[in-house]
Each structure stands twice: as structure tokens, then as C-alpha cells.
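Input: one structure, supplied below.
The values are calculated or read from the model by the stated rules, or taken from the named source; none is laboratory data. All figures in this text were calculated on a predicted structure; none of them were measured in a lab. No Cβ is skipped: glycine too gets one built from the backbone with ideal geometry, and neighbour counts run over all protein chains shown. Protein only, heavy atoms only, side chains kept; ligands, DNA and RNA dropped before computing areas. Shrake-Rupley method; radii C 1.70, N 1.55, O 1.52, S 1.80 Å.
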Amino acid sequence: MANIKDVAKLAGVSITTVSMVLNNTENKISDATRKKVMDAAKKLSYNPNSYAKALASKKSNIIMAIVPDINNPFFSQLVKELTGFAQEYSYFLYIHNTNNKKIKRQEFESLIVSNFFAATLVVDRNVKGLDEDLIKKHNIIFLDEVDFNGRDSQIVTGNNEMGGYMAMEYLIKRGFTDIGLLIGPRSTANSSRRLSGAIKAAMNYDIYIDQKNIIHGDYSYEEGYKAGKFFKERKVDAIFSFADMSSYGLINYFAENNIRIPEDISLISYDNLFLNKIIPPRLTSIDQNLKEIAATAIKMADDLIKKGSIQEKILVKPKIVKGESVGFKNEDN
């Protein structure tokens, strides 16, 4: 396998000249010399190491995605979509998994600078409180609503308020009025917006949502399982769960307690994960459209890298994917 010394020898120039030509870091080199170097590199099938090029130019074609838990099917599904679109734009995607641990600002900036990331996609609400200069300098794009308000920053995420409205409206149109809500953590913007949408739908249809039927969770299976007992005691006839992972916990709790879905209780969920095709009953769920979120995020990153700083917020429209978990309210249930 050829190396930079081989290219320099064949082109009849120094190693430094080869490096400057291939990294395009010196404008005073003649066109003739450039041609000799490029011809030699092509003849030897020399492809310079991406990291070595980054060291020389302080730039790279690597985009970092920060996620809290790659084991969570939602984030692995999103990463899969991001990887595919990054490749279409000739970028590599580097995944940084925080394991749900908070990252300090200094640690975050050091991670970006030391690896010469061209842009960073933040999909982790543990990364917050970043100042606007840092966001602009390092081409940071949020794929969640962590820093949604009062920020000159780039955001691509699902329209959570619309999704919340759609889910609640779906239950109401099927006759349900005694509805429980398993929402997200108190400090989470996407949960607040889903709740806002759900409440708006209830108000528009003149349906009263009892606050005692609302419980906070953390989008996890475990919290969903624990919430099953809560809803059983509340005797609601339908549930809007803000995450499919929590819904799987609800499904198992109800199965263990001989509560049938949707015959005894209906369940609408959020995320439309691929596991819905495997775990019965197949959930009726709000699809955030991760493919469009990923495509839009990578295009935005490419625009930032090539054209400079822009400020843009894009909310991707969700859709309902109908499954088997929501029935119809009637006199018998």
C-alpha cells in the first residue's frame, strides 16, 4: 500500500509539498506541481488517512451525533437514518453515547475540538446550557427541543404539540373520555409540548382531563410497567403514553393482570418503533418521521459546513400509524 513518501518520490517533490497539495492548504504551489502530485497519488491509488488530513487542515468530514442511550430502539433507529444520509453527503457519522450522564460544557467543547468534528447533532437532553457562540462556532444542531426557546440555534425535531393533539383527538373520536396520560420527565420540552397538544385537543372537544389521571415517567420500559398499576387503580378506559418504550411496560403489566388491550383498556403511544411489528398487540402510535428528521438534519449540517452559520428551526410533521391497541368506547366497557 502506497504512502505519502511514495507519492513524493514519484512526483519528484517533498513530502511537505504533497501534504499541502492534498490538503489544499497552500495557494502558492504552481498548477504544474499540483498536477504532478495529483497524478502520482492517482497512479499509486493513494488515499490519505482522514484523521491525518484533519490534523493538517483542522477540518474533517466527520459529523458527531450525541445520544443518551444507544440501546434504546428510538435512538438506534434515528442513528441508522442519520448514518445513511450522512453517507449520501460523503460524511462519516461518529456516535458518542453518554449513557444518560450529563456532559459539562468544557468536556463537550473539548470533545468537538480534539476530534475536528465538522458539525455536531445533539439528541441528548443532558447536553444543555450551551452558549450561542459555542453553538455557532461548532455547527451544533439540536434534534430535540432542549434549547428551543430564546436561542439563535439550529433545530430539527418532530412537531410534538401536533403529535400530542393527534393522539388525543384519535382517542376522543373513538368515544373515549376517561383518559389517562403517561407523560415524560418534568423538565423535558418535548413532553411539555405533547401534553400541551393533548390538552388543546381535549378542550376543543369539550373533554375534561382529570389531573389525577396524569403521571410522569421517563420514557422507559420500567416506568411504563410501574404506571400500569397506577392506571389500573384509576380505572381509566384509555391511555395516551408519550413513548413506545413505556407502552411496552404497560402492555406487560396489563398482560400479567389479565387486562386485555384494547378490549378492557385502549392504548395510544408515541414513536412508532420497529418493535411494534414484533410485540403484540401492535401499537397505534404517533410516528415522528425519523427519516425526514435525519435527512433534514444532515442537509442542515452540510449547509452549515459549506455556507456558514444559519439560524433555522424545522418542525417535522408527525403521522398516526394505526395498530391494534385502540378500540372503540361502547356501553359494554
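Build a GNM of the chain with springs between Cα atoms under 10 Å: which of G180, G84, G129 gets the top mean-square fluctuation?
Of G180, G84, G129, the Gaussian network model singles out G129 as fluctuating most.
Over 19 Å apart: what share of the alpha carbon pairs of region 68-220 falls there, rounded to a whole percent?
Roughly 61 percent, rounded to a whole number.
Taking Rh as the Kirkwood radius computed over C-alpha pairs, what is the Stokes-Einstein D of the chain at 10 °C in a medium of viscosity 1.306 mPa s, expressed in µm² per second?
Rounded, D is 71 µm²/s.
Compare D178, D31, D218 in a GNM of the chain, Cα atoms joined below 10 Å, and give the one with the largest fluctuation.
D31
If you project the alpha carbons of region 239-279 onto their three principal axes, what span does each projection cover, largest first, in Å?
For region 239-279, the Cα spread along each principal axis is 25, 19, 14 Å.
Moving to a separate point now. Mind checking the full-extension length gain between D31 and E109? Use 0.36 nm per residue of separation minus the Cα-Cα distance, one decimal, nm.
Gain on extension, D31 to E109, equals 24.3 nm.
Separate question: Ignoring ligands, DNA and RNA, what percent of the accessible area of the chain is carbon or sulfur (1.4 Å)?
Details: 8330 of 16970 Å².
For the chain, the apolar C and S fraction of the accessible surface comes to 49 percent.
Magnitude of the Cβ-charge dipole of region 232-302, K/R +1 and D/E -1, about the Cα centre, nearest 20 debye? All intermediate terms of the calculation are to be shown ahead of the outcome.
Working: 8 positive and 10 negative charges, 12 e Å.
The dipole of region 232-302 has a size of about 60 debye.
Further question: Compute, for region 258-333, the length of the dipole vector about the Cα centre, with Cβ point charges of +1 (Lys, Arg) and -1 (Asp, Glu) only. Units Debye, rounded to 20.
Taking the Cα centre of region 258-333 as origin, the dipole is about 420 debye.
Just to be sure I follow: if Rg is taken over the C-alpha atoms of region 165-223 and Rh is the Kirkwood radius over the same atoms, what is Rg/Rh?
0.97
Sort 6-13, 97-104 by packing, meaning the average of other beta carbons within 10 Å per residue, with the highest value first.
Numbers: 6-13: 18.1, 97-104: 13.4.
Going by the mean number of other Cβ atoms within 10 Å, highest first, we get 6-13, 97-104.
Running a GNM on the chain with Cα contacts under 10 Å, which residue among G308, G217, G184 ends up with the highest mean-square fluctuation?
Looking only at G308, G217, G184, the largest GNM fluctuation is found for G308.
Turning to a different aspect of this structure: Where q = 0.12, 0.13, 0.17, 0.20 Å⁻¹, what log10 of I(q)/I(0) comes from the Debye formula for region 245-333, counting one point per Cα?
Result of the Debye calculation: -0.51, -0.57, -0.76, -0.91.
Which cross-chain or sequence-distant (5 or more) residues have an amide H under 5 Å from the amide H of I265, H modelled 1.01 Å from N in plane?
Residues meeting the criterion, in which the H sits 1.01 Å from N, are R260.
Which FRET efficiency, nearest 0.05, do N257 and N47 yield, Cβ-Cβ r, R0 56 Å?
On the way: r = 60 Å, r/R0 = 1.07.
About 0.40, to the nearest 0.05.
Where does each of 163-169, 77-83 land if you order them by average Cβ count within 10 Å, highest first?
Peptide ranking by packing, descending: 163-169, 77-83.
Could I ask something else about it? Per DSSP H run of at least 4 residues, take -39500 (n - 2.57); add these up for the chain, divide by its residues and hand me the 222 nm value, nearest 500 deg cm²/dmol.
Working: 12 runs with 146 residues, N = 333.
Helices in the chain give a 222 nm mean residue ellipticity of -13500 deg cm²/dmol.
Over region 56-142, how many percent of alpha carbon pairs lie in each 10 Å bin up to the one with the longest distance?
17, 52, 29, 2
Same structure again: Step through the residues of region 196-210 one at a time and calculate ³J(HN,Hα) from phi using the Karplus curve (6.51 cos²θ - 1.76 cosθ + 1.60, θ = phi - 60°), rounding each to whole Hz and writing x for Gly and Pro.
4, x, 5, 5, 4, 4, 4, 5, 5, 9, 6, 10, 8, 9, 6
Okay, next question. Express in nm, to one decimal, how much length is gained between Q211 and D69 on full extension, taking 0.36 nm for each residue of separation and deducting their alpha carbon distance.
Gain on stretching Q211 to D69: 48.1 nm.
Let me know the charge dipole size of the chain about its Cα centre in debye, to the nearest 20, where only the beta-carbon of Lys, Arg (+1) and Asp, Glu (-1) is charged.
Working: 45 positive and 40 negative charges, 291 e Å.
Magnitude of the dipole: close to 1400 debye.
Return the long-range amide H neighbours of I314 (sequence gap of 5 or more, or a different chain), with a cut-off of under 5 Å between placed amide H atoms.
I155, V156, T157
Also, quick follow-up: Once phi is turned into θ = phi - 60°, what whole-Hz ³J(HN,Hα) does the Karplus curve with 6.51, -1.76 and 1.60 give for every residue of region 91-102, x standing for Gly and Pro?
10, 9, 10, 9, 9, 10, 9, 7, 6, 6, 9, 5
Quote the FRET efficiency, to the nearest 0.05, computed for D218 versus I279 with a Förster distance R0 of 30 Å and r equal to the Cβ-Cβ distance.
Computed FRET efficiency for D218 and I279: 0.95.
Here's a follow-up. Just from the alpha-carbon atoms, what are the Rg and Dmax of region 101-146 in angstroms?
Taking only Cα atoms of region 101-146, I get Rg and Dmax of 9.8, 27 Å.
Can you run phi through the Karplus equation (6.51, -1.76, 1.60; θ = phi - 60°) for region 28-35 and list ³J(HN,Hα) in whole Hz, with x for Gly and Pro?
Per residue, the Karplus-derived 3J(HN,Hα) values read 8, 6, 5, 4, 5, 5, 4, 5 Hz.
Taking the dipole about the Cα centre of the chain, with the C-beta of Lys and Arg at +1 and of Asp and Glu at -1, give me whichever of N252, G164, T188 is farthest to the positive side.
Looking along the dipole axis, the top candidate is T188.
Where only protein heavy atoms count, and the probe is 1.4 Å, what is the accessible area per residue for the chain in Å²?
For the chain, the per-residue accessible area is 51 Å².
Label points 7 Å out from Cα along the Cβ direction at F230 and Q87: separation in nm?
Calculated label separation equals 4.1 nm.
Pairs K173/K229; K235/K329; K5/K43; K200/K322: which exceed 24 Å Cα-Cα?
Values: K173/K229 26 Å; K235/K329 14 Å; K5/K43 14 Å; K200/K322 22 Å.
Exceeds cut-off: K173/K229.
If I take every Cα pair under 8 Å that is 6 or more residues apart in the chain, average their sequence separation and divide by the length, what percent do I get for the relative contact order?
16 percent
Just the number: Rg to Rh for region 187-275, Cα atoms, Kirkwood Rh, two decimals.
Expressed as Rg/Rh, it is 0.95.
Ignoring everything but the protein chains, give the 1.4 Å probe accessible area of D206 in square angstrom, nearest 10.
Surface open to solvent at D206 totals about 140 Å².
I've got another one for you. Largest first and in whole Å, what are the equivalent-ellipsoid semi-axes of region 177-328 based on the Cα gyration tensor, each being the root of 5 times an eigenvalue?
Values: eigenvalues 196, 62, 38 Å².
Output for region 177-328: semi-axes of 31, 18, 14 Å.
Let me ask something additional. Keeping all protein chains in position, work out how much accessible area H216 exposes to a 1.4 Å probe, and write it in Å² to the nearest 10.
70 Å²
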